Amino acid sequence: MAPTVMSEQDVRRVQRRTVALLAAAQVFGGIGTGATVSIGSILAVELSGSSAWAGAVATVMTLGAALAALPLASLAERRGRRMGQLAGLSAALAGTVLMVLAVVTGIFGLLVLGAAGIGVGTAASLQARFAAVDLADGEHRGRALSTVVWAVTVGAVAGPNLIQPGTVVGAALGLPPVAGPFVISGAGLLVATVLVWVGLRPDPLLLSRELAARAEGPAAPGVPQAGSVAAAANQGSRPPGSLARGMRAIRASRMALLAVAAVVAAHAVMVGVMSMTPLHLQHLVEGPGASHAGHTASGDVLVIIGFTISLHIAGMFALSPVMGWLTDKAGRTETIMIGFALLIAAVIVAGFGQGSTTAVAVGLVLLGMGWSAATVSGSTLLAESVGQDAKVVVQGVSDMLMGAAGAVGGAVSGLVLSWTGYLGLNMLGGVVGACVLAAAFLTLVTRRRASAAA
């Protein structure tokens, strides 16, 4: 069939539809992650019989996201954004099914496998924001990306607050009440999968490649042909990025090192504290004896946990456009410092206010805001600190290290909580934050002295 020529207006219409569809998919897909984060640590203790395994779900989720980042990106590179998103969402949907089976059977291993599947979905969710800018012009890329990020906020904040209704759904289906939230999560992920499968056509990445190819060729510049977009999915892709090359590029730039340190450390501290907060709140409300095998968290505890995690996730994502504006106006390094100052304030409030659910909630909000500032500014600084030829590779390495740091943070946090308590866990996060804050401050002072000397 002869290819159909698309006008620039057609391309803009595809872009608008792509952003709207991705945003809708993120709303439904985010429900699964939010619910799992909220009650994952409690289920891990109940099914394993030991609080030392409390961080297992968060660890496996973040590790799954880290390990899936490059394979999903490679799949998207070969077959387009649609296939990459479908693979991640399908894995997350399978993960929610395993979560339900884990609750029904009491098998801890199924819980861990389910968390891995949801982690793969998290990696796909992170990559969706890049799909939103494949066809965007330079003046509207930030708006397109922020629309998808805000959509993540809606789904992720709604997820924890569906815990209580989910228990009703679970009971109505003849399942253990705590399995109900995962039923709702699975339904949301199924809707997201169908939306992407049906609606993400033409593929934005493949169409953008066609635009670029025709702009360089003899055909009318910037005018793609719709019939040739699908064929691009079966063509060979560019060589995948090299991990070693990315690490070399990071080591060669002091600013890139600071950027990666900021992103990785902020994520480790955030995951470590956040993943143990539900268990701490359960101890606070029901007493330390609540953390034993066979104990089921009360509805009141689940409501408190859901509300607290919702506020935390809102702090992470809802103000991301503000953090982007601050990064541009105040500066990259300066915003990194602001982010880690917020992180340090967060662990002080949550740690020393550990006896108050309100103080813990306030600390979690500050934790999310600090993570947002450090991640947005650190990622921006990283993109500017390496050459164009290594930029994509370095960003991939940064995502992997970020996920690995979150996995380590989640794993270590359970042990630290059992050894030193919630205060000790927060103080450890404060030490990590203070180190990066000091490094950013020294970098800023050195740069300003160099500018003054010049």
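Coordinate-derived values only; no laboratory data. Keep in mind that this is a model prediction, so the values were computed, not measured. Note: ideal-geometry Cβ built from the backbone for every residue, glycine included; neighbour counts use all protein chains shown.
With an 8 Å Cα cut-off and a minimum separation of 6 or more residues, compute the relative contact order for region 241-454 in percent. Mind dumping the intermediate values first?
Working: 303 pairs, mean separation 79.0, N = 214.
Worked out over region 241-454, it gives 37 percent.
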List, largest first, the extents of the alpha carbons of region 241-454 along their principal axes, each in whole Å. 62, 36, 30
For labels at ALA450 and ARG254 in the simple 7 Å Cα→Cβ model, what's the distance in nm? 0.5 nm
Describe numerically, in nm with one decimal, the distance between label points set 7 Å from Cα along Cα→Cβ at LEU415 and at LYS329. 4.4 nm
Arrange the following residues from fewest to most other Cβ atoms within 10 Å of their Cβ: SER51, SER310. SER51, SER310
HN-Hα J in Hz across region 127-137 - Karplus 6.51, -1.76, 1.60, θ = phi - 60°, x for Gly and Pro: 6, 4, 5, 6, 4, 5, 10, 4, 10, 6, 7
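Quick check: from the Cα gyration tensor, does region 301-420 come out rounded (a/c under 1.5), prolate or oblate?
Details: a/c = 2.32, a/b = 1.61, b/c = 1.44.
Note, shape of region 301-420 comes out prolate.
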Take MET402, MET61 and order them by how many other Cβ atoms sit within 10 Å, fewest up front. MET402, MET61
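Taking the Cβ of each residue in TRP325, TRP419 as the centre, tally the other Cβ atoms inside 10 Å and list the residues starting with the fewest.
On the way: TRP325 14, TRP419 10.
Listed from fewest to most nearby Cβ atoms, that is TRP419, TRP325.
Using only the Cα atoms of region 53-193, build the gyration tensor, take square roots of its eigenvalues as a ≥ b ≥ c, and label the shape rounded, prolate or oblate: rounded if a/c is under 1.5, else prolate if a/b is larger than b/c, else oblate.
Numbers: a/c = 2.43, a/b = 1.69, b/c = 1.44.
Cα axes put region 53-193 in the prolate bin.
So, R0 is 45 Å and r is the distance between the beta-carbons of ASP10 and LEU190; what FRET efficiency does that work out to, to 0.05? Walk me through the numbers on the way to the answer.
Values: r = 31 Å, r/R0 = 0.68.
So the FRET efficiency works out to roughly 0.90.
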